[in-house]
Amino acid sequence: MSENSILENSVVYEYLKKKVGEEGILVIKSFLDKEETTDEEIAKVTDLKLNIVRRILYILYESRIAEYKRLKDKESGWMTYLWSINHKNIEAAIENEAKRLIRNLEARLKFERENMFYVCSCGEKADFTQALEQNFKCSVCGSPLTYQDSSTIIKAIERRISEVEDP
Ligand SMILES: [Zn+2]
């Protein structure tokens, strides 16, 4: 995966967005292709407040996606933190995330394949056993339930799985 296209991968994008939000994506974009940068530089480039940038960097650091080096200025004694992205860890994290997603999708797929559903125009949903117990009438509004063809859902899940497997 090339460094610039990493955010074009939908699994990567969703994973990072869930972790650090839209602002976090901006932060990552701002130093993805840089060797090293400082929090102040990131704040300037992204137009985000320094404390927000720092919070995001800390989350990225905890997930081992970002790391820092400390440099001490000999004259002033001030510390400078130089941040960089750990591309190897980002890919490992993404691989785990993809595996987790696929596991969930496959469980969902199995469930949809093994169960028949009945739906009502009000939005209620019942499985076969429930529908049978309710005489194929909605438990909320009493309207007749109709059998839901799950092939569209199944196809959508299958498509999503192949997207995650081969982004
Ligand atoms: Zn209903």
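Rundown of residues vs (1) assigned to a strand (DSSP E or B); (2) touching a Cys at 6+ places or on another chain (Cβ under 8 Å); (3) closer than 28 Å to LEU7 by Cβ; (4) of a type in the set (A, V, I, L, M, F, W, C), yes/no style:
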site	(1), (2), (3), (4)
ARG55	no, no, yes, no
TYR61	no, no, yes, no
TYR68	yes, no, yes, no
ALA98	no, no, yes, yes
GLU106	no, no, yes, no
TYR118	yes, no, no, no
Which residues, counting only those in segment 115-143, are within 10 Å of the ligand (Cβ to nearest atom) and touching a residue at least 12 places away in the same chain (Cβ under 8 Å)? VAL119, CYS120, SER121, CYS122, GLU124, LYS125, ALA126, CYS138, SER139, VAL140, CYS141, SER143
Note on segment 144-158: residues part of a loop (DSSP other than H, G, I, E, B) and more than 15 Å from the ligand (Cβ to nearest atom) are ASP149, SER150
Among the residues listed as LEU71, LEU105, LEU101, LEU82, the single one being surrounded by 13 or more Cβ atoms within 10 Å (Cβ to Cβ), free of Cβ contacts under 8 Å to residues at least 12 places away in the same chain and on the phi < 0 side of the Ramachandran plot: LEU71
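Throughout, read-outs are computed from the coordinates displayed, never taken from laboratory work. None of these values were measured; they are calculated from a predicted model. Methodologically, a virtual Cβ is constructed for each residue, glycine included, from the backbone with ideal geometry; neighbour enumeration extends over all protein chains shown.
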